[in-house]
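Enquirer: Below you'll find the structure I mean.
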């Protein structure tokens, strides 16, 4: 008997004996035969069914009883060895058929029927049986009178019927066995899931998983390796009943290991002998550790590889389908738990970052002017709408000596935290150099040099800086690569394009300054590229032409109304499409 047969449940573990007796009694009544069944060790499971008068007479004699037992055992043993229906003639010249009840290739029981002759027994045979087993000859002849010989057709049908019964019993047992497997599997998975769900620390999750997998599968050891998706390495994350030396023997690359590669591709890999399998990278360490057979499965969550789970035995073992299935289920649960812990950790980190970003955004909002400068002949309006909490756009008013008013608007490359920090740097540099009241182009030059010193080559910004005279009749400006502000007078638009290249890339870049005279009723609009680059659902840009038309339309209004109405034009154009860039506008209207 194989080791697996010892692990296979017995027939009586899966089928109630009373039910089995009922089945055999019905079968015996239908076939008019004697039916008996033995377990895989050859012992009768229950009383024989349908004994005829001749068999009862034989069993009344001690010698006859022993002979009948030997005949039945011989038939059942032969059927167990052959694993197919066999026929045998017993000591009394009666025909017996026997068949094996086999489940998953393993013997559960053998079933026999028969004790009928193929032809009537002659006088000489009856005399010999009566003398050998010390049975009254007349009683024997009377008992044989109730035993009908089998025809060839009856014998053939009996053999088929017997095999059908054996197969039916095997199916009943298989269904019961599978049902119990599923119940055990669900109970095990539930237990492990409860443990995994109740432990927040990832290392503890892995240790608990390795220990419980080893306990449930009754194996010597378990190891869990997690995949580094960037390097393709599988690194030991937890182990049970494995030495530190073995656990620290080194990382394994998936591409170099066919076992782990197959496991992550969805296979459950069986290793008969880890010490002599050519696929094993560390056979000497495995031999020293006392490992023999192994089973490997991938830990995969929503199609993404997480790691590999291995179990090892201390002696050669073939794993059952149930054990392989259970390992896969546990590995899937562990993968989900690991990923959930990672996601939870990421969520916590994201929440910390979110709070920091909110705090930074609050600081940045305080950098944006909360009120416009008070000027007797200039009216100011503004719009500031960051795409995210932190923006790369900014505008600023500088109330300078002598009644001068400085206005800056800038757009820093990128978005988010990096852009907001760079924006703060540009703003602080501008405020420092603007207080010197030098020419606007020199101020821009100084800001550019400082930005070049403090930033990387790929970090830059566009900047417009202008100064309004005390009487509001002149604007002196320098445009460093920024979107061209629009000056409207009598329905005509002029662009403020004097200046130079953007800041932050070339330290010795040269800048020029420009001037425009302003008259009552003039409007100047300053804006960032988020206005003209706003896109609708068909990928059309709002554009400068449409912006100019909106500006001309709203120029007669107050400065704040001009900015707000242009913003509504942009929103109507975009519709439900997402805002992808910061929107900043400052409108200045010259009063009489």
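The values are calculated or read from the model by the stated rules, or taken from the named source; none is laboratory data. In this text, all values refer to a predicted model and were calculated from it rather than measured experimentally. Using ideal geometry, Cβ is built from the backbone for each residue, glycine included, and neighbour counts are taken over all protein chains shown.
Enquirer: Being modelled with pLDDT of 75 or more, surrounded by 15 or more Cβ atoms within 10 Å (Cβ to Cβ) and not assigned by TED's automatic domain parsing to the domain that holds residue 125: is that true of residue 205 here?
Expert: yes
Enquirer: In addition: Give the stretch 8-33 a look and list any residue that's farther than 18 Å from residue 77 by Cβ and outside any helix (DSSP H, G or I), or say none.
Expert: Those that are farther than 18 Å from residue 77 by Cβ and outside any helix (DSSP H, G or I): 8, 9, 15, 16, 32, 33.
Enquirer: Would you pick out the residues in the stretch 428-478 that are without any contact (Cβ under 8 Å) to a residue 40 or more places away in the chain, surrounded by 15 or more Cβ atoms within 10 Å (Cβ to Cβ) and under 22 Å from residue 401 (Cα atoms)?
Expert: Of everything in the stretch 428-478, those that are without any contact (Cβ under 8 Å) to a residue 40 or more places away in the chain, surrounded by 15 or more Cβ atoms within 10 Å (Cβ to Cβ) and under 22 Å from residue 401 (Cα atoms) turn out to be 429, 430, 433, 434, 443, 446, 476, 477, 478.
Enquirer: Has the stretch 437-450 got any residue that is within 48 Å of the chain's Cα centre (by Cα) and part of a helix (DSSP H, G or I)?
Expert: no
Enquirer: Within the stretch 251-272, how many residues turn out to be surrounded by fewer than 16 Cβ atoms within 10 Å (Cβ to Cβ) and farther than 15 Å from residue 324 by Cα?
Expert: Residues of the stretch 251-272 surrounded by fewer than 16 Cβ atoms within 10 Å (Cβ to Cβ): 251, 253, 255-256, 258, 265-267, 270, 272.
From what is left, the residues that are farther than 15 Å from residue 324 by Cα are 251, 253, 255-256, 258, 265.
Number of matching residues: 6.
Enquirer: State which residue is modelled with the lowest pLDDT when the search covers only the stretch 374-388 and only residues that are buried (at least 17 other Cβ atoms within 10 Å of the Cβ) and over 17 Å from residue 528 (Cα atoms).
Expert: The extreme case among them is 375.
Enquirer: Okay, next question. Condition (residue is under 22 Å from residue 154 (Cβ atoms) and crowded, with 21+ Cβ neighbours inside 10 Å) applied to the stretch 123-139: is it met by at least one residue?
Expert: no
Enquirer: Go through (1) closer than 25 Å to residue 26 by Cβ; (2) surrounded by fewer than 17 Cβ atoms within 10 Å (Cβ to Cβ); (3) modelled with pLDDT under 75 and name the single condition residue 76 misses.
Expert: Result: residue 76 fails condition (2) only.
Enquirer: Among the listed residues 95, 86, identify the single one that is over 18 Å from residue 167 (Cβ atoms) and surrounded by 16 or more Cβ atoms within 10 Å (Cβ to Cβ).
Expert: The match here is 95.
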